[in-house]
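This report refers to the structure that appears directly beneath it.
Where a number appears in this text, it was derived from the coordinates with a stated rule and is not lab data. Nothing here was measured: the structure is a model prediction, and the numbers come from that model. Counting neighbours? That spans all protein chains shown, and the Cβs are built from the backbone with ideal geometry, glycine included.
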Protein chains: 2
Amino acid sequence: MSQFLKHAVDLAKMVEGQTGVNPPVGAVVVKNGRIVGLGAHLQRGDKHAEVQALEMAQDKAKGATIYVSLEPCSHYGTTPPCVEKIIEYGISKVVYAVKDTTLMSDSDDILNEAGIEVEFSYNEEAAQLCNDFFKAKKNGKPEITVKVSCSLDGKQANDNGQSQWITNRSVKQDVFNLRHKHDAVLTGRETLIADDPQYTTRIENGKNPVKVILTRTGDIDFNLKIFSDETTPILIYTENKALTTTLPQVKIIYMEDSNISNILEDLYLRGVGKLLVEAGPTITSTFIEAKEFNKLIIYYAPKVIGGSGKYQFYSTDNVFELSEVQNFEIVNSRMLENNLKLELRKK
Amino acid sequence: MSQFLKHAVDLAKMVEGQTGVNPPVGAVVVKNGRIVGLGAHLQRGDKHAEVQALEMAQDKAKGATIYVSLEPCSHYGTTPPCVEKIIEYGISKVVYAVKDTTLMSDSDDILNEAGIEVEFSYNEEAAQLCNDFFKAKKNGKPEITVKVSCSLDGKQANDNGQSQWITNRSVKQDVFNLRHKHDAVLTGRETLIADDPQYTTRIENGKNPVKVILTRTGDIDFNLKIFSDETTPILIYTENKALTTTLPQVKIIYMEDSNISNILEDLYLRGVGKLLVEAGPTITSTFIEAKEFNKLIIYYAPKVIGGSGKYQFYSTDNVFELSEVQNFEIVNSRMLENNLKLELRKK
C-alpha cells in the first residue's frame, strides 16, 4: 500500500469512536511527493475527510492526488457530495481503500467522466474500520462491543456479589480508552447498585460517552454517582411510565416492550453508532445470547473465584449443543501487566 | 551467562519430565574453548549429568571446566557423589547455575580443598527447572500441573455434559507434549465415563505417562479404552476394598481415606515426581481449592457455552472473599491457532 494511503487510514483510526453513526474516514492530498492537505471526518454533520483535506490544500489541490480511506461519496447526505468538491478543486487522481457497500456507488464513473483517474487499492485495516459501520447502517443498530472483566473461571464476582476490583489498574486505563472510542456505554440497574460506577473516561482530553441505563422496573436511585456529572447525557430505558426526574442531563425513554432490539434501534436513531456494553452477567448474557454484538473484549484477572458461579459472565436458561455455541475469532491477545486482554470477533 | 552454562541448562530442559522425582540436570565439559563432553541425567537411578559428560570427555576432562545446571552432589544417593568423579577426572573448574537447597551442601568446600576453582553463576531459567523439584522433595509430594480445556466462560462442558471437542487440534498436540513431560497423568472415574480417553502421548518417540485413576467407590468398567494399552502402568486409588482386576498393568491401591494429600504422598514414594492433573471439574476444583498444585495451564477455546455452568472448571462449596481467592502469575500466553494457551503459576 502507498504510504499516503496508509496515512489516510491512520487518520481514520485517530477519529475512530467520535463519528457516531458515520464511519471514521481519513484523507491526504499529495502534490509532487509532498502532503499539502490532511483531513478526517471529525463528527457527524461535520465536513467529510476529503473536504477538510482539500480546504487545507487550497490551490495546491490542483493537479494533486487525494488518498482516502473510504470511497468518496456521490450523494447529498448531511453534507454535499465529496466527488463534486474533488472535481471543483482540480484533483487529478483519487486513490481509496474501501468501497462503500451501503450506497448505490457511482463515484468512480462521475470522477472518470470529469477526467480524474480513480484507483481502488483495497486495504484490510481500512476495511475493518468500516465493516461494522456498514453492518450497523444496514441493520439500523449500533456497532456493539461487549466488555467483560472476570476471573480465569469466568466470574465477574463471588457468590456474594463482591466484584471490586477483580482486574488491575492497567485494565482500568484500557477501559477508559475503550469508553473514549465509543459513543455510549450501556449498563443495568443492578451494576449501578453493586458498583456505583461513573462510566467516565479518565484520560487526558478524553471524550465521555453517553450513558445508557436499562431498568425495566424503573426503580432508580438518582443519588448514585453516575448522576453527579451534569455534562454528559444519560438515557434511561424503562417500562415504568411513572419514572420521572428533574435532572437536566437525564432523558427517560419509556418503552412498552424494552427488549434489546428495540432499544438498539432507538439508540441508533439518536446517533449512537458505537455502543460499549459494560454491565453485569444478566445484561452481558442477554446481549451475547441474542447475538447483538460485534466484538467481545475479555479482561482476565489471573485468579480463580470458585463458588457456585452465580456471577459467571455468561449463563443462559437455554443449553446449547457444542456445535451450536457462539464461536469467536481471537483478534488480539495482550498482557496488561499481569492481566490478559482478549479481543474477540463474533464468528 | 556463559554460553556453555546455557548449553548445560538447555540439556536439562531437554530431559525435563523424564527424571521422575529427580531434577532435570545438564552438564557440559569444555577444554580450550571446545566442548569435549555433554551429559544429562536421563532417568532416576541412572548416571548424573556430570558423570555422563565426564565419561564422554575421558582424558580430555583433565584441566577442563565443567558447566552444570545444578550444584554437583556430594552425597551417596542412588549413585556415588559427583564431586568425587569431578576430582577423579582432574577437572580444574566447576561452574554451576543453581544451589541445591535440599541437601546439606558441602560440595564447594570439597572441590576447593581438592584445588578446584568453583563458580556459582545464578541462572533464573535453571532455577525454575529445579524450584518445583525442591518444593516437591521437601513436601514429599509430586510437582503438579493442573490442565484445563474450557470455553471463554470457564466451562469444560455444556450442562448436558457434552465436552468433545471444545479445543482444537493444536491444543491436543500440545497436551500430548505435556503428557510426555510428566511422569503420570491423573484423572477421575467421571471423566473416563464421559470421554473414554486414552491419556497417551501421540508424539514421535513420546513417553506415555503412568495413568492414575481416582475412584472412591471403585465402580470401574475395565472395558474402557484406557485399559486397552497393556504397556503403561495404571494406578487406581480407591476406598473400595473389594475392587480387583486381573489386568497385569493395573495396580489397585486401597486407602481407607483416599484424600488428595494421602494419594500424592503415595505417588511420590512410587517415583512420580511430576504429575499432570487432567480431569473434570470435580477433581480439578479439589486440587485448586486444596492448593495442591504448582502450575495451572488453561486452554481457552474461543467460544461461550452458557447454560447454568454445571461444568464450570472451578466451583466450590465455599465462597471466598476476593482478597482471599487464589492468585496466579501469568508465566506465558500463546496462541495455538485460534485457541489460547495460558500458563499460570500459583502465587
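List of remarks:
- By the count of other C-beta atoms within 10 Å, a proxy for reagent exposure, A:Glu324, A:Glu125 are ordered fewest to most as A:Glu324, A:Glu125.
- In a reduced charge model with +1 at each Lys and Arg Cβ and -1 at each Asp and Glu Cβ, the protein assembly as shown shows a dipole moment near 640 debye about its Cα centre.
- Sum of -39500 (n - 2.57) over DSSP H runs of 4+, divided by residues of the protein assembly as shown (222 nm, nearest 500): -7500 deg cm²/dmol
- Length-normalised contact order for the range A:124-240 - Cα pairs under 8 Å, 6+ apart - percent: 19 percent
- Alpha-carbon Rg/Rh ratio, for the range A:1-126, with Rh computed the Kirkwood way: 0.92
- Think of chain B as a dipole: +1 on every Lys or Arg Cβ, -1 on every Asp or Glu Cβ, centred on the Cα centre; then among B:Ser74, B:Ser261, B:Ser228, B:Ser228 lies furthest on the positive end.
- Legend: mean number of C-beta atoms from other chains within 10 angstrom of residue C-beta atoms, peptide B:331-342, equals 3.
- Counting only DSSP beta bridges with both residues in the protein assembly as shown, the antiparallel share comes to about 45 percent.
- For the range A:247-294, the fraction of alpha-carbon pairs lying more than 18 Å apart is 38 percent, rounded to a whole number.
- One chain, two ends: B:Asn259 and B:Asn240. Fully extended at 0.36 nm per residue, the span grows by 5.5 nm beyond their Cα-Cα distance.
- Normalised contact order of chain A, rounded percent, pairs of Cα under 8 Å and 6 or more residues apart: 16 percent
- Across the range A:271-322, the relative contact order, built from alpha-carbon pairs under 8 Å that are at least six residues apart, equals 52 percent.
- Radius of gyration and maximum dimension Dmax of the protein assembly as shown, Cα, Å: 32.1, 97
- Cα gyration tensor shape of the range A:158-202, rounded if a/c is under 1.5, else prolate or oblate by comparing a/b with b/c: oblate
- Global form of chain B, assessed from the alpha-carbon gyration tensor, a/c cut-off 1.5: prolate
- Degrees separating the helix A:124-139 axis from the principal Cα axis of chain A, which is the longest one: 70 degrees
- Nitroxide proxy distance, nm - points 7 Å out along Cα→Cβ at B:Glu88 and A:Ser121: 7.3 nm
- Pairs of Cα atoms farther than 19 Å apart, the range A:67-126, %: 23 percent
- With both labels modelled 7 Å from their Cα along Cα-to-Cβ, the A:Asp46 to A:Gln128 distance reads 2.4 nm.
- Within a Gaussian network of chain B (alpha carbon springs, distance under 10 Å), most fluctuating of B:Phe133, B:Phe313, B:Phe120: B:Phe120
- According to the Kirkwood relation over distinct C-alpha pairs, the hydrodynamic radius of the range B:249-347 is 16.0 Å.
- Relative exposure of B:Leu111, B:Leu336, judged by other C-beta atoms within 10 Å (fewest first): B:Leu336, B:Leu111
- Residues whose amide H falls under 5 Å from that of B:Ile236, counting only those 5 or more places apart or on a different chain, are B:Ile213, B:Lys251, B:Ile252, B:Ile253, with hydrogens built in the peptide plane.
- Residues whose placed amide H lies under 5 Å from that of B:Ala157, excluding near-sequence neighbours: B:Tyr311
- Counting only alpha carbon atoms, the long axis of helix A:260-269 and the longest principal axis of chain A meet at about 40°.
- Taking the axis that rotates chain A onto chain B, the chain A residue nearest to it by Cβ, with the distance rounded to whole Å, is A:Gly154, 1.
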